[in-house]
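S.K.: I'd like to ask you about the structure that follows.
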Amino acid sequence: MALAIASAAATRKTIPGSDTGGLPQRLPLVSSPSSPFSVPEALRKEGLSQSDYEEIVRRLGRAPNRAELGMFGVMWSEHCCYRNSRPLLSQFPTTGPRILVGPGENAGVVDLGQGQRLAFKIESHNHPSAVEPFQGAATGVGGILRDIFTMGARPIALLNALRFGPLEDERNVGLMEGVVAGIAHYGNCVGVPTVGGEVAFDPSYGGNPLVNAMALGLMDTDDIVCSGARGVGNPVVYVGSTTGRDGMGGASFASAELTEASLDDRPAVQVGDPFLEKGLIEACLEAFQSGDVVAAQDMGAAGLTCSCAEMAAKGGLGIELDLDRVPAREAGMTAYEFLLSESQERMLFVVQAGREEVLMARFRRWGLQAAVVGRVLAENVVRVLQHGAVAAEVPANALADDTPINQHELLAEPPEAIRRHWQWRETSLPAATGHGIARGDGRLPWSDVLLRLLDDPTIASKRWVYRQYDHQVQANTVLLPGGADAAVVRLRPQQGAGSLEACQRGVAAVVDCPNRWVFLDPERGAMAAVAEAARNLSCVGAEPLAVTDNLNFPSPDTASGYWQLALACRGLSTACAALDTPVTGGNVSLYNETRLPDGSMQPIQPTPVVGMVGLVHDLVRITGLAWRHPGDAIWLLGAPLEAGAEALSSPDARVSLAGSSYLEVIHGQLTGRPPEVDLELERSVQAFLRRAIATGLVASAHDLSDGGLAVAAAEASMASGFGAHLEIPASSARLDRLLFAEGGARVLVTVPPAQTVAWQDALEAAAAAGNAVPAQCLGVVESGRQFTIVQAGAPLLDLPVADLKQAFEQAIPRRMGQAAPPPEH
């Protein structure tokens, strides 16, 4: 039976401050700006349970009104309070010598030395992008940028991690077109380069694409700007755009599974204005430099509710907010609509008393709204006023700190389906000989296998994507997308003069996640994500510093779903600790699944995206993935090729075909247990590689990932235009494992002939110091345009580089119904 609620009338006296700003001193507490409401219907809309409602009543000492229930709905959603994941996140290493700000603020901050500090963060905009791909992706970019400049940092780079369903489905083509266009529109217009990212495809993302945006910024202020309110009586100032009804309930929407009816939730998707945000960046950085701003919080998920609650809770104080003073773009908005609107490009400040007019004038000069909308209270509450009455009054800690935690029981052993996958062995595959793979209709030659892998959209060139992004705006991008394993951006001073010649340090950044591996073994897969991110940074010569993570998972309410989340968090924690890359923050996005018309659920592959940043000490000493010079020797670092068949076929092997691209693309199987991640080997290989790059011993470096050795070598040939001749050592192992297996902390490097002796000396010195690095010479870069792999003198692969490029470059444009873009020069 539906219940109607009306709170008892009461009066409240506001806390006096140095300036009341004309706010009334005695106001009645009203039940709602509108009529009484149905509690069960309201709980369903807000994503709250009956037990949540009973806890709210207990905390308030009364029944909540409709606006208050909406506030609890967004703040107690998984998107805002991590009610399913918070205990798991507590195991992450979060401190280190370079960590200045860890989890809990708008972004993490690391010390780069020489007076420079880097803010960085990653967040998701998955569900909005599923129902409105252009605006969903665009506002995801806008939101992550605000997290950066709210700290007092000027944004210098953007990256993204995207997942879509197969491009053979026109709906997925439309989603990808819209998402990429939205990212390009916002980033290009706001003037921040999009310098890197990753894109992968799997049927599990068909109804629920993933859009994760990462941003980096250099601190532009002497002091890091934090979000905790300070100074009772200080005015609370609203700046930016106006508030409308767009984005209503976006946080709750992001915390529920998608259905075919989700298209009706387009009002929960925000609408962005990158040109207004550009003005907001400049005005905010000016304001922060003035010292007038005490605390700052952007209005992202949950809008005014979240900003007020988090600022009050972090400061141990309260905030009084007068909705009649909030700049509105629509008439007749209720308290509920004001508080839950997620209109974009808005910020909330606590300002030094007496400095508010000067500050607001600064924002108005940039064409932005600015208004005193409240003040800081001594009482730890969020008090909302409207039309001469108290529209809502809630303890700040109840909204932002002391939030519910959902209890889950972790499975004692992997789910049965996973255990079946782990029983797979390579011996079940067809015979592999020097001529190819045995098939019922003959043999599939190794050359055709490689071309098919290069034609797989997950492996293929992403130039169709990144050519739409302005990756050179600000003129600091050192390595262009597609040219290296990580993006590199020059570190220019943000304040004062600094010549280009004097700026010889850089920051490198990357996003990574082997979602196939995580699906098959969440712990090993998450460890591999961290290891690969660090390896990619090392391949450009950067020292890995810290991590921001985006945990994209299906529902934790199922036993298997929570097992995936818990094991992945364990893997992330283990690898981050082993590789000295603390976690500074991130985002959790759960309930990434689609309810199909038959009522069944389609969960995504669990996708814990790792965003990692690194420091380049000397931009003269960086390496790309392309071969540099004919005659350079091609070396493999990491787990060697000549390991015996028994070791390689073990379920605990460091290199395997289990969970590989080859197994899925060529044999149609997503199965097996991914290789064990040897973190000690990763540390030694990566440290040696960075030293070799810093001393000029290697000309190029490229890690082995999807598709293994053959694909990595082919990518280096395509990037350079040079051919290569590689010789696979004789081995009892399967040929397809030697060519296409994954894992093993492996990197391909090229060594110029003039550095051969120094290279050998470096390997011997590492071994003498107890840090031996497995290394073997496999071949040579050739001036010709032929890509060849042989074993015992017999050719396994022999293809023109042009044929490789044709498959690699055309794969995505062909599926998008477009021609491949012309080469960039």
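The values are calculated or read from the model by the stated rules, or taken from the named source; none is laboratory data. Just so you know, these numbers come straight off a predicted model, no measurement behind them. Positions of Cβ are backbone-derived with ideal geometry, glycine not excepted, and every protein chain shown enters the neighbour counts. For accessibility, only protein heavy atoms count, side chains too; no ligands or nucleic acids. Shrake-Rupley method; radii C 1.70, N 1.55, O 1.52, S 1.80 Å.
S.K.: Hey, could you pull the Cα Rg and Dmax for region 681-782, both in Å?
M.R.: For region 681-782, the Cα radius of gyration and maximum Cα-Cα distance read 13.9, 38 Å.
S.K.: Go ahead and run the numbers for FRET between Asp798 and Ala768, Cβ-Cβ distance against an R0 of 25 Å, rounding to 0.05. Numbers along the way, then the final one.
M.R.: Numbers: r = 40 Å, r/R0 = 1.60.
Between Asp798 and Ala768 the formula returns 0.05.
S.K.: Quickly work out the His387-to-Ala559 label distance, labels modelled 7 Å from Cα along the C-beta direction, and quote it in nm with one decimal.
M.R.: 5.2 nm
S.K.: Next up: To one decimal place, what Kirkwood hydrodynamic radius in Å is obtained for region 36-122 from all pairs of distinct Cα atoms? Spell out each step's value before the answer.
M.R.: Working: mean 1/r = 0.0631 Å⁻¹.
Every distinct Cα pair counted, the radius reaches 15.9 Å.
S.K.: Now for a separate question. I need the Kirkwood Rh of region 136-236: take the reciprocal of the average 1/r across all distinct C-alpha pairs and report it in angstrom.
M.R.: So the Kirkwood estimate lands at 15.2 Å.
S.K.: What's the FRET efficiency of Val358 with Gln818 using the Cβ-Cβ distance as r and R₀ = 41 Å, to the nearest 0.05?
M.R.: After rounding to 0.05, the efficiency reads 0.20.
S.K.: Which distance in nm do the two modelled labels at Val757 and Glu286 give, with both placed 7 Å along the Cα-to-Cβ direction?
M.R.: Result: 6.2 nm between the two label points.
S.K.: Roughly speaking, what is the stretch gain from Ser51 to Ala181, that is 0.36 nm per residue apart minus the C-alpha to C-alpha distance, in nm to one decimal? Mind dumping the intermediate values first?
M.R.: Values: separation 130, 0.36 × 130 = 46.80 nm, distance 4.24 nm.
So the chain would gain 42.6 nm between Ser51 and Ala181.
S.K.: When each pair of different Cα atoms in region 455-613 is counted once in the 1/r mean, what is the Kirkwood radius in angstroms, to one decimal?
M.R.: The answer is 17.4 Å.
S.K.: Among 278-290, 168-180, how do they line up by average Cβ neighbours within 10 Å per residue, starting with the highest?
M.R.: Peptide ranking by packing, descending: 278-290, 168-180.
S.K.: While we're here: Determine the percent antiparallel among the DSSP beta bridges restricted to region 284-405, to the nearest 5.
M.R.: Expressed as a percentage, antiparallel bridges in region 284-405 total about 80.
S.K.: Turning to a different aspect of this structure: With all protein chains present, how much of the accessible area of the chain (probe radius 1.4 Å) comes from carbon and sulfur, to the nearest whole percent?
M.R.: 51 percent
S.K.: Please give the charge dipole size of region 410-530, origin at the Cα centre, charges +1 on K and R Cβ atoms and -1 on D and E Cβ atoms. Round to the nearest 20 debye.
M.R.: Around 200 debye, computed over region 410-530.
S.K.: Give the total of Lys-Lys pairs in the chain with Cα-Cα distances below 24 Å; include a pair only if its members are 8 or more places apart or on different chains.
M.R.: 5
S.K.: Measuring from label point to label point, each 7 Å out along Cα→Cβ, what is the Arg171 to His667 span in nm?
M.R.: The modelled label-to-label distance comes out at 3.2 nm.
S.K.: Mean projection of the alpha-carbon convex hull of the chain over all orientations, in nm²?
M.R.: Result: a mean projected hull area of 34.4 nm².
S.K.: How large is the accessible surface per residue of the chain, computed with a 1.4 Å probe and reported in Å² as a whole number?
M.R.: Computed with neighbouring chains in place, this is 34 Å² per residue.
S.K.: What percentages make up the Cα-Cα pair-distance distribution of region 381-425 when the bins are 5 Å wide from 0?
M.R.: 5, 15, 11, 10, 8, 7, 6, 7, 7, 7, 7, 6, 3, 1, 0
S.K.: Which shape class, rounded, prolate or oblate, goes with region 286-385 when its Cα gyration tensor gives a ≥ b ≥ c as root eigenvalues, a/c under 1.5 marks rounded, and past that a/b bigger than b/c marks prolate?
M.R.: oblate
S.K.: Further question on the same structure: In units of 2.2 N^0.38 Å, what is the alpha-carbon radius of gyration of region 50-92?
M.R.: Expressed relative to 2.2 N^0.38 Å, the Cα Rg reads 1.35.
S.K.: Picking from Thr403, Gly374, Ala432, whose Cα lies most toward the positive end of the charge dipole for region 345-437 (charges on Cβ: Lys, Arg +1; Asp, Glu -1)?
M.R.: Ranked along the dipole, the leading option is Gly374.
S.K.: Can you tell me the 0 to 90 degree angle between the C-alpha axis of helix 708-720 and the longest principal axis of the chain, rounded to 10?
M.R.: Helix 708-720 sits roughly 90 degrees off the main axis of the chain.
S.K.: Summing +1 for each Lys or Arg and -1 for each Asp or Glu, what net charge is found among the other residues whose Cβ lies under 14 Å from the Cβ of Phe740? Provide the component values of the computation, followed by the final result.
M.R.: Working: positive: Arg452, Arg516, Arg734, Arg737, Arg746; negative: Glu426, Asp448, Asp456, Glu664, Asp706, Glu715, Asp736, Glu742.
Here the charged neighbours net out to -3.
S.K.: So if R0 is 30 Å, what FRET efficiency would Thr95 and Ala687 give, r being the distance between their Cβ atoms, rounded to the nearest 0.05?
M.R.: After rounding to 0.05, the efficiency reads 0.90.
S.K.: Over the Cα atoms of region 350-475, Rg to Rh with Kirkwood Rh, two decimal places?
M.R.: 1.31
S.K.: About the Cα centre of the chain, how large is the charge dipole given +1 on each Lys and Arg Cβ and -1 on each Asp and Glu Cβ? Please answer in debye to the nearest 20.
M.R.: Details: 63 positive and 91 negative charges, 216 e Å.
The calculation lands at about 1040 debye.
S.K.: Once you have the alpha carbon radius of gyration of region 419-490, what is it after dividing by 2.2 N^0.38 Å, with N set to its residue count?
M.R.: 1.78
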